[in-house]
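Asker: The structure's right below; bear with me while I get my questions together.
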Amino acid sequence: MRGEVILSIAGVSKSYGGLMAVSNLSFQVRAGAIKAVIGPNGAGKSTLFNLITGLEAQLCGGIVFNGCHMKGLKPNRRAALGLARTFQTPQIFESMSVLENVLVGRHLRGKAGLFAALLYTGRSRREDLAMRDHCYQVLEKVGLAHKAHEDAGDLACGQLKLLEMARALALDPKILLLDEFAAGLTRQETEHMMTIVRGIRDEGVTVLLVEHDMHLVMNLSDEIVVLNFGEKIGEGTPEEIQKDERVIEVYLGTEV
Amino acid sequence: MSKYSQAALPRWFSLCVFLAFVAAFPAVSPNAYFLNIMGFAGIYILLCTGLNILMGYAGQISLGHAAFWGLGAYISGVLTAKFGWPPILALAASVTGTCLVALAVGIPTLRLKGHYLAMATLGVGIIFHTVFAQSASLTGGPSGLVDVPSFYIGSITIGSALGNYYFIWGWVAIGLLGALNLGQSRMGRALNAIKGSDVAAECMGVDTYRYKVIIFVLSAAYAAVAGSLYVHYINFVAPDTFGFMNSVLLLTMVVVGGIGSFWGPVIGASILTFLPEYLRAYEGLEVLLYGLILVGVMMFMPQGLAPLFRTLRLRFRLAKRAQGGN
């Protein structure tokens, strides 16, 4: 399993009007790796994430995840295949408690439908307790368990990022897409996040991340893809990327 | 209780207290007139609870909810008055029929979001109103459908004010219990997630579109029961009851009471049913006072009245704890 290709992007393009946001992009992510996508603002990183998760439809090309063609699949079907993500600006369910937010991430593991809900059946109650148990453990893992019963809307920025991470992990994903998880975090919080991400990887979850913090990217990732104006301009290990002439020219600058 | 207790008990407790109060009410109530208004309040509570499930839990707006109320009323009314069906069967037919229509309406409209959904449901409401008024051979047209029988099961007729009171509130109890259970279930959480962030809910694996349709149909089912109760209660039905203004009234009740909260629709529907009755004493000024009260509530309590009760309860608890500490 580890080392096999789990996510394959092949010749994917997406345009908004005349603007090519992603242009004939191909790369692969191997299972159990941490892969980073970097590039200047407007390079198409967020669009790429939206294409992979199904929030937007690509113009052409194919995305294959875990042996399954993603074309035409709605985001919720892709989540069911084991694809979870976080958002650049946290998309938290504000009227719910922290634990309930994570429980939504666990949604697919439950079965109780409308009638079980209305009748409050014993089975749905037991299922719910088991889900709560699991989600509480996930919160403990990211270090947010002490906030479990507080309103999610009251959390600080760093805690929101942790909550999004916990919610995505509750899904038991095969691959986790992290969209700028360190943006707005303090040095200390970033270190904490990096420890969590490494822990996730060590448990066998593949990680694909978009990030601006070069220190973080170089330290954390096994492989890096560099985008510029929707095109791939480089791919390789952090060492290779740091030496790549073209990447240095358009993105890294000379100081790295 | 465990560290992740469901906090369900306190709410069940308050629902039981409330229903016990309702059950005991006729014993101390002044007269049949009062029971009568309580009956209407019950019907409005049922309607608003259903609307709150759609708008408050799932965050999907409907400006045509009275249409489903009307559809439930007309199906039940026409089947009993014109075709001699027993009301119990007519009630079942009205809920089934309304749900099917809601499904047919919901499948295309719930692809829309926000203002567009509001406009679409508004249009649906107007279409239904027109259908009720124009199908004169069945519905009696604009002047209404008369001679609708009171509810009966076998040889027992529910005709008295007291009988109707308990019959209506029995259904209200079922409706409230369902809404309470739904609110703290897996499905309730998914609906709340849709309200919070459609995109995030979808990415967590919630089939948002399907859930929206399911909840739209459920809220129509609440309205259908309310419609059937209504038509057998007043033995008459006319199209103007189900026009745009009453859709707005239902919405106002939910918002004044507190949208999204379990008790919101109960509080809002009760107050806005009783208020006009009390304002009758100020003849000529009643509409003005009514409007002023609504504006006042919205200006000073934009979350509605329900949070006010919660704050009072919390204060009471704090005060009690402070006393215990001394």
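Asker: For segment B:199-219, give me each residue that is assigned to a helix (DSSP H, G or I) and of a type in the set (Gly, Ala, Ser).
Answerer: B:200, B:201, B:219
Asker: Any idea how many residues of segment B:159-198 are surrounded by 19 or more Cβ atoms within 10 Å (Cβ to Cβ), of a type in the set (S, T, N, Q) and either assigned to a helix (DSSP H, G or I) or more than 9 Å from every other protein chain (Cβ to nearest Cβ) (or both)?
Answerer: Summing the residues that are surrounded by 19 or more Cβ atoms within 10 Å (Cβ to Cβ), of a type in the set (S, T, N, Q) and either assigned to a helix (DSSP H, G or I) or more than 9 Å from every other protein chain (Cβ to nearest Cβ) (or both) in segment B:159-198 gives 3.
Asker: Hey, another quick one. Helices (runs of 4 or more DSSP H) wholly in segment A:88-207 with at least 2 residues that are farther than 30 Å from residue B:50 by Cβ and more than 14 Å from every other protein chain (Cβ to nearest Cβ) - which ones?
Answerer: Answer list for segment A:88-207: A:122-142, A:157-169, A:187-202.
Asker: Go through segment B:66-104 and count every residue that is without any contact (Cβ under 8 Å) to a residue 24 or more places away in the chain and assigned to a helix (DSSP H, G or I).
Answerer: 7
Asker: If you go through segment B:278-295 one residue at a time, how many are touching a Leu at 6+ places or on another chain (Cβ under 9 Å) and of a type in the set (D, E, K, R)?
Answerer: Selection size over segment B:278-295: 1.
Asker: Going by what's in this entry, would residue B:95 be described as surrounded by fewer than 21 Cβ atoms within 10 Å (Cβ to Cβ), closer than 23 Å to residue B:211 by Cβ and at pLDDT 95 or above?
Answerer: Against the criterion (surrounded by fewer than 21 Cβ atoms within 10 Å (Cβ to Cβ), closer than 23 Å to residue B:211 by Cβ and at pLDDT 95 or above), residue B:95 does not qualify.
Asker: Need pairs with beta-carbon distance below 9 Å; first residue modelled with pLDDT under 95 and of a type in the set (D, E, K, R) and within segment B:112-131, second in a helix (DSSP H, G or I) and crowded, with 16+ Cβ neighbours inside 10 Å; sequence gap 6+ or separate chains.
Answerer: Going by the 9 Å Cβ cut-off, the qualifying pairs are B:113/B:198.
This table checks each residue for (1) within 24 Å of the chain's Cα centre (by Cα); (2) part of a helix (DSSP H, G or I); (3) among the basic types (Lys, Arg).
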site	(1), (2), (3)
B:259	yes, no, no
B:278	yes, yes, no
B:295	yes, yes, no
B:311	no, yes, no
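The values are calculated or read from the model by the stated rules, or taken from the named source; none is laboratory data. This structure is a prediction, so every number in the text was calculated from the model and none was measured. Don't worry about glycine lacking a Cβ; one is built from the backbone with ideal geometry, like all the others, and counts go over all protein chains shown.
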